[in-house]
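Undergrad: First the structure, which I've put down as structure tokens, then a few questions once you've had a look.
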Amino acid sequence: MKAFVEKRATAPHSPSRLPRTVLALGAVSFLTDASSEMIFPLLPVLLATLPGAPAATLGLIEGVAEATAAAVKVVSGRLSDRAPRRKPLVVAGYGLSSVVRPLVALATGWPHVLLVRFVDRIGKGVRSAPRDALIAEVTPPGRRGAAYGLHRAMDNAGAVAGPLLAAALLGLLSLDLRTVLGLSAVPAGIAVLVLVLGVKEERRPERPRTARAEGPAAPLSPEFRRAVAAVTLFTLSASSDSFLLLKAREVGVPAAGVPLVWAFSNAIRAALGTWGGGLSDRLGRKRVLLAAWALYAACYALLAYVRTPAALLSVLGVYSIHAALSEGAERALVADLVPPESRGRAFGWFHGFVGFAALPASAGFGLLWTVYGSATAFLAGAGIALAAAVFLAAAVPDRTASSVR
């Protein structure tokens, strides 16, 4: 058995060699994001038709949505460590989002959009930490980067399919905006069905009564806390990607082309996601993250000076590589730094801090954009990203597959 695990840990970085549960969760993410991304790139367009919704309002909506998810993730992760199975929480989270998300089609004002996003993100909060902990449990240490990279790649592939589907419904079939938003319910429903029928989980032993009576669990390691601090600082630079779409509109991309711009970005993330996560298995989590964050800072600085659709697409293409490099490596680093019995709690805090940072990041970016213009907002984001990279280099240990038990 040991030889089998070691062989899996050193196998080529291909999706076919990953556990079936990881592949099934990837399919769920693909369908869920296809649903979500039918809506997300159209939110700026929808808000433009509603009264009293400037750029600062978009930042508020996205910031509150992510901060809500963050608070729920902390609780959900802790609960999943105590439960014999993580899957019920994952199903509940995906189910709630799938039911409420299409209701944005009925919005008559920006507070309605805020409410839908609020409840949708509660669902995301419930599912995220248990799902990521489940992936770590079924994947050998030397394949975690590739596993999380694949999951994020499938997520981003759904973010390609969703905007393309929305563009086809808007442009080819000439459906109205609200009808397209409502049809996002179809892939969401299929995703829940795949999750219920396709994801298998072994029952884990419950904690002994004596262990539960001892009080709070042991503190998470200083290495883990420093890693979360670094990612949180970086998140303060990472405003909602809605602002990239708003930038597209600013430089002259028509409304019907906005979903295509978003599909272009996510196609790159999807194509390179498994490779990017696997790269962290071979080169180390920190090295890959440093490269990703430096690339992000450079692209944000360039976005401050973009003035044409062609220039925007060029920078956005390079920008999208940063996500392919960082998304799998960040999650694999968390899984590497904590013991199995604490992974739900660790992923809850990881996602929680990142989500809490999203509120000031998006709200502050929107405020800077409204008061000083987009160039100032993008340059501020680039500066914070560089500061996060410096902190990561100084304070966080490197991790490769060979250093993880």
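Throughout, read-outs are computed from the coordinates displayed, never taken from laboratory work. On a predicted model such as this, the values are computed, not experimentally measured, just so you know. Cβ sites come from the backbone with ideal geometry, for glycine too, and all protein chains shown count toward neighbours.
Undergrad: Dipole of the chain, Cα-centred, from +1 at each Lys and Arg C-beta and -1 at each Asp and Glu C-beta, to the nearest 20 debye? Kindly include the intermediate steps, with their values, before the conclusion.
TA: Numbers: 42 positive and 24 negative charges, 261 e Å.
The calculated dipole for the chain is roughly 1260 debye.
Undergrad: Next question, about the same structure. In terms of the Cα gyration tensor, with a ≥ b ≥ c the square roots of its eigenvalues, is the stretch 260-339 rounded because a/c is under 1.5, prolate because a/b exceeds b/c, or oblate?
TA: Working: a/c = 3.12, a/b = 2.00, b/c = 1.56.
Because a/c hits 1.5 or more and a/b exceeds b/c, the stretch 260-339 counts as prolate.
Undergrad: Let me ask something else. Over the stretch 93-205, what relative contact order in percent results from Cα pairs under 8 Å that are six or more residues apart? Intermediate values should be presented prior to the final figure.
TA: Values: 64 pairs, mean separation 41.4, N = 113.
For the stretch 93-205, the relative contact order is 37 percent.
Undergrad: Among the listed pairs K73/K286; K124/K200; K73/K247, which have their C-alpha atoms separated by more than 28 angstrom in this model? Intermediate results must be reported in sequence, preceding the final value.
TA: Values: K73/K286 24 Å; K124/K200 20 Å; K73/K247 30 Å.
Check vs 28 Å cut-off fails for K73/K247.
Undergrad: May I ask for the angle, rounded to the nearest 10°, between helix 87-100 and the longest principal axis of the chain, with both axes built from Cα atoms and the value confined to 0 to 90°?
TA: Orientation of helix 87-100: about 10 degrees from the principal axis.
Undergrad: Still on this model: If packing is taken as the average count of other Cβ atoms within 10 Å, what order do 38-45, 225-232 fall into, highest mean first? Walk me through the intermediate numbers first.
TA: Working: 38-45: 23.6, 225-232: 21.0.
Going from most to least packed, we get 38-45, 225-232.
Undergrad: Compute the helix-to-body angle for 374-395: its Cα long axis versus the longest principal axis of the chain, expressed 0 to 90° and rounded to tens.
TA: Once rounded, the angle reads 10 degrees.
Undergrad: Given Cβ point charges of +1 (Lys, Arg) and -1 (Asp, Glu) and nothing else, what value in debye, to the nearest 20, does the dipole of the stretch 62-163 about its Cα centre take? Kindly include the intermediate steps, with their values, before the conclusion.
TA: Values: 15 positive and 7 negative charges, 70 e Å.
About 340 debye.
Undergrad: Report the FRET efficiency, 1/(1 + (r/R0)^6), for L197 and A92, where r is their Cβ-Cβ distance and R0 is 25 Å, rounded to 0.05.
TA: Values: r = 16 Å, r/R0 = 0.64.
So, using R0 = 25 Å, E works out to roughly 0.95.
Undergrad: Additional query: Dipole of the stretch 251-405, Cα-centred, from +1 at each Lys and Arg C-beta and -1 at each Asp and Glu C-beta, to the nearest 20 debye?
TA: On the way: 11 positive and 6 negative charges, 36 e Å.
Around 180 debye, computed over the stretch 251-405.
Undergrad: From the list (i) 41, 22, 20; (ii) 38, 23, 20; (iii) 33, 24, 20, can you say which value of semi-axes √(5λ) of the Cα gyration tensor in Å was derived from the structure given?
TA: Answer label, from the structure shown: (iii).
Undergrad: Evaluate the relative contact order of the chain (contact order divided by residue number), counting alpha-carbon pairs under 8 angstrom at least 6 apart; express in whole percent. The partial results should precede the final answer.
TA: Details: 768 pairs, mean separation 122.8, N = 405.
This gives 30 percent for the chain.
Undergrad: Among F234, L392, L181, pick out the residue whose Cα is farthest towards the positive end of the charge dipole of the chain, where Lys and Arg carry +1 and Asp and Glu carry -1 on C-beta, about the Cα centre.
TA: After comparing all options, I get L392.
Undergrad: With the dipole of the chain worked out from charges on the C-beta (+1 for Lys and Arg, -1 for Asp and Glu) around the Cα centre, which of Y148, S362, V64 lies farthest toward the positive end?
TA: Result: Y148.
Undergrad: Along the positive direction of the dipole of the chain (beta-carbon charges: Lys, Arg +1; Asp, Glu -1; about the Cα centre), which of S29, L337, A380 reaches farthest?
TA: L337
Undergrad: State the extension gain, in nm to one decimal, for the chain segment bounded by V390 and L173, taking 0.36 nm per residue of separation less the distance between their alpha-carbons. Display every interim value, and only then the final one.
TA: Values: separation 217, 0.36 × 217 = 78.12 nm, distance 4.95 nm.
Extending this stretch completely gives an extra 73.2 nm.
Undergrad: Would you mind checking the tilt of helix 20-39 against the longest principal axis of the Cα atoms of the chain, expressed as 0 to 90 degrees and rounded to 10?
TA: 20
Undergrad: Apply the a/c threshold of 1.5 to the C-alpha gyration tensor of the stretch 351-393 and tell me whether it is rounded, prolate or oblate. Before the final figure, lay out the partial values.
TA: Values: a/c = 4.50, a/b = 1.33, b/c = 3.38.
Oblate, since a/c reaches 1.5 and b/c is not below a/b.
Undergrad: Here is a follow-up. Please report Rg over Rh for the stretch 314-405, where both radii come from the alpha carbon positions and Rh follows the Kirkwood definition.
TA: With Rg and the Kirkwood Rh in hand, the quotient comes to 1.04.
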